[in-house]
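The values are calculated or read from the model by the stated rules, or taken from the named source; none is laboratory data. The model shown is predicted, which means the values in this text are computed figures rather than measured ones. Neighbour counts are summed over all protein chains in view; Cβ atoms, including those assigned to glycine, are modelled from backbone coordinates with ideal geometry.
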Amino acid sequence: MKTLELLRKAVEGKLDRGEEGLGYVHPSTLAQGCLLAAGHELLRHPRAEPEARRRRIMQAGTLSHERIMGYLRPFIVARELPFLEPELRIKGRCDALLYIPPEAGVEEPGFYALEVKTTSSVGFAEVRGQGAPKPEHLRQCLLYQRGLRNFYGVPVRGGIVYYENRDTLEYQLFAVEYDEGELAGILEKLPRVISLAREGKLPEGEEYRLPADHWAHRYCPYLPLCPYGQEAVANAKGEIPPAVKARIIAERIVRKELKNPRKGRHRPRSLEELAREFGWE
Ligand code: SF4
């Protein structure tokens, strides 16, 4: 097909979009290591909104990214670089691609994939104490490197993880060498998760989930849909965030409604309809 023909198809809305129903997995989801969450993402299940405080933290993180990019501007080739791995249905954006020229006098000039993380004092002390990025951030940085290499053919030499303490603005840089082995555990299971998603199913079995004592269940956007995560959170100390609790209740009401034919409804109400009915809007 000629280029103009392809572009004409795009203009006329006739592009072949492949498997429209199936979603993509974000590198951050995959890096967390829960393949069940990846399954939810592929099936485009609704994500729970983060509670207001967490949303504010994320907004503050986004603003900090802007500032941090300013410090590194002399070496930034591109920011928010999208990439796609069609076979593994991974779709993401690398925070930035850096290029350190040989004239800079460093031992290892070349291209680097940058990942920026802002964190609390506790989180910052943890990575500083460990002398390494958190495992999920390390994997995310590796997925960026892999994505940029495969999608653009850029000979990425390695990755950099930049941590900033959002309380004190101290920072810490880590170099991340590419190591396919670190990703092997999740990438080997992903094709099975994709083929299940094509049948509309989620993966079952402990090997696809995070261990029960993992901290990440609490913040997982699929927690309202996930009995394993809910049990893990209930058994852990502390409360489930209120926004997640509300969503769990709403999901249960919807499910009950499905099972109760006496109500004469053949269609479960959507969460939006429920929210309107209960005056939550
Ligand atoms: S709640 Fe936990 S087990 Fe369930 S999808 Fe999320 S991370 Fe995985």
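A compact table of results
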{"quantity": "Only one of Ala184, Ala175, Ala236 that is of a type in the set (A, V, I, L, M) and more than 30 Å from Glu108 (Cα to Cα)", "calculated": "Ala236"}
{"quantity": "Which numbered condition Ala184 misses (of (1) under 30 Å from Met69 (Cβ atoms); (2) more than 15 Å from the ligand (Cβ to nearest atom); (3) small (Gly, Ala, Ser))", "calculated": "(1)"}
{"quantity": "Flag for Ile194 being touching a residue at least 24 places away in the same chain (Cβ under 8 Å), within 24 Å of Arg44 (Cβ to Cβ), under 20 Å from the mean Cα position of the chain (by Cα) and away from the ligand (no atom under 14 Å from the Cβ)", "calculated": "yes"}
{"quantity": "Conditions (1) surrounded by fewer than 20 Cβ atoms within 10 Å (Cβ to Cβ); (2) in a helix (DSSP H, G or I); (3) within 21 Å of the chain's Cα centre (by Cα): number failed by Arg128", "calculated": "(3)"}
{"quantity": "Selection count, segment 86-117, where residues are crowded, with 17+ Cβ neighbours inside 10 Å and either of a type in the set (Gly, Ala, Ser) or modelled with pLDDT under 95 (or both)", "calculated": "3"}
{"quantity": "Filtered residue count, segment 22-47, keeping only those that are surrounded by 14 or more Cβ atoms within 10 Å (Cβ to Cβ) and more than 10 Å from the ligand (Cβ to nearest atom)", "calculated": "13"}
{"quantity": "Cβ pairs under 7 Å, 6+ apart, first in segment 209-220 and under 13 Å from Asn235 (Cβ atoms), second in a helix (DSSP H, G or I) and near the ligand (Cβ under 9 Å from one of its atoms)", "calculated": "Ala212/Ala232; His217/Leu223; His217/Gly229; His217/Ala232; His217/Val233; Arg218/Val233"}
{"quantity": "The lone exception for Tyr144 - which of (1) closer than 25 Å to Arg56 by Cα; (2) under 17 Å from the mean Cα position of the chain (by Cα) it fails", "calculated": "(1)"}
{"quantity": "Qualifying helices (runs of 4 or more DSSP H) (wholly inside segment 1-76; at least 2 residues being without any contact (Cβ under 8 Å) to a residue 40 or more places away in the chain and over 30 Å from Leu210 (Cα atoms))", "calculated": "3-11, 52-71"}
{"quantity": "Whichever residue in segment 217-228 is surrounded by 21 or more Cβ atoms within 10 Å (Cβ to Cβ) and over 13 Å from Gly39 (Cβ atoms) and, among such residues, is farthest from the ligand (Cβ to nearest atom)", "calculated": "Pro224"}
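A quick yes/no check of all residues on (1) out of contact with any Pro (no Cβ under 8 Å at 6 or more places or on another chain); (2) buried (at least 16 other Cβ atoms within 10 Å of the Cβ); (3) at pLDDT 95 or above:
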position	(1), (2), (3)
Glu188	yes, no, yes
Leu210	yes, yes, yes
Trp215	yes, no, no
Glu239	yes, no, no
Ala246	yes, yes, no
Ile249	yes, no, no
Arg276	yes, no, no
